[in-house]
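Notes follow once the structure below has been shown.
The values are calculated or read from the model by the stated rules, or taken from the named source; none is laboratory data. The structure presented is a predicted model; accordingly, all values stated were derived computationally and were not measured. Here the Cβ is made from the backbone with ideal geometry for all residues, glycine too, and neighbour counts use every protein chain on show.
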Amino acid sequence: MGGQRHDGAGGGGPRDTQPPWRSPGPPHSRPNAYRDLDTSRSVNACIFCRIVSGEVPSSKVFEDDHVVAFMDIAAVTEGHFLVIPRKHVETLYGLDSILAGHLMAVTTRLAKAAKKALRCDGMNLYQANEAAGGQEVPHLHLHVIPRYKGDSFGIRYNPTKPPREKLDEKAAKIRGAL
Ligand code: 5GP
Ligand code: ZN
């Protein structure tokens, strides 16, 4: 595969500066891979870490030093794929803003490529956190779901109509936690 790399080679301008989270190489190339993680047990058991290391086969769309994208084994529409950090981060809550930015930049690039290649009618990004949020695999991932007119994908929800005071109250509460 081999995608865009951020290895700082061949330049010198600000765009070539290594991001602070850049590791000396992909985690699986280092003898003490994932040493910065809290438990090695969770990593060994993690299906997505095993895909990152190549221990479990996958159909890769893209990879660079920090992010890997591969087709979802149980695609909900044609072309459904996942974008994940190489590093074992369980949920969005554990993602630092620099890696988050890179993950989103790669996802945007891949979504544009998917739109062009698959000629889909639309596209969804979906991301689940914790069991209550519908997360099944505890390694952060973004679903890129190409949509086609009349396909069967959907998210069930019941819209409500909260009064303005309630909306303001929730907004203030969240703001207060920043
Ligand atoms: P979640 O429900 O956690 O948001 O999504 C997990 C996704 O991972 C599911 O869509 C599921 O099909 C996918 N998945 C689970 N195990 C594997 C696997 O071994 N290989 C691939 N390619 N996808 C997987
Ligand atoms: Zn993992």
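Of all residues assigned to segment 103-112, at least one qualifies as being crowded, with 16+ Cβ neighbours inside 10 Å, at pLDDT 95 or above and not aliphatic (A, V, I, L, M). Among the numbered conditions (1) within 24 Å of Gly150 (Cα to Cα); (2) within 15 Å of ligand 1 (Cβ to nearest atom); (3) over 16 Å from the mean Cα position of the chain (by Cα); (4) without any contact (Cβ under 8 Å) to a residue 24 or more places away in the chain, the only one that Glu78 does not meet is (4). The set of residues in segment 138-178 being charged (D, E, K, R) and either within 16 Å of ligand 1 (Cβ to nearest atom) or within 25 Å of Val68 (Cβ to Cβ) (or both) consists of Arg147, Asp151, Arg156.
Of the residues in segment 97-111, how many are in contact (Cβ under 8 Å) with a residue 40 or more places away in the chain and more than 12 Å from the chain's Cα centre (by Cα)? Final tally of qualifying residues: 2.
If you go through segment 125-137, how many residues are part of a loop (DSSP other than H, G, I, E, B), more than 8 Å from ligand 1 (Cβ to nearest atom) and in contact with a helix residue (DSSP H, G or I) (Cβ under 8 Å, 6 or more places away or on another chain)?
1
One residue stands out among those in segment 47-61 that are small (Gly, Ala, Ser) and within 10 Å of ligand 1 (Cβ to nearest atom): the one that is surrounded by the fewest Cβ atoms within 10 Å (Cβ to Cβ), which is Ser59. Within segment 48-60, can one find any residue that is among the hydrophobic types (A, V, I, L, M, F, W, C) and either at pLDDT below 95 or assigned to a strand (DSSP E or B) (or both)? No, segment 48-60 has no match at all.
Would you check if Leu140 is under 27 Å from Leu178 (Cα atoms), at pLDDT 95 or above, within 16 Å of ligand 2 (Cβ to nearest atom) and in a helix (DSSP H, G or I)?
Against the criterion (under 27 Å from Leu178 (Cα atoms), at pLDDT 95 or above, within 16 Å of ligand 2 (Cβ to nearest atom) and in a helix (DSSP H, G or I)), Leu140 does not qualify.
Just to be sure, is Ile73 surrounded by fewer than 15 Cβ atoms within 10 Å (Cβ to Cβ) and within 16 Å of ligand 2 (Cβ to nearest atom)? When the stated conditions are applied, Ile73 passes them.
Where residues in segment 81-96 are within 12 Å of the chain's Cα centre (by Cα) and farther than 20 Å from Lys60 by Cα, which of them is surrounded by the most Cβ atoms within 10 Å (Cβ to Cβ)? Of everything passing the filter in segment 81-96, Glu90 is surrounded by the most Cβ atoms within 10 Å (Cβ to Cβ). If you go through segment 146-166 and keep only what is loosely packed, with under 10 Cβ neighbours inside 10 Å and either of a type in the set (Gly, Ala, Ser) or in a loop (DSSP other than H, G, I, E, B) (or both), you end up with Lys149, Gly150, Ser152, Gly154, Ile155, Arg156, Tyr157, Asn158, Pro159, Thr160, Lys161, Pro163.
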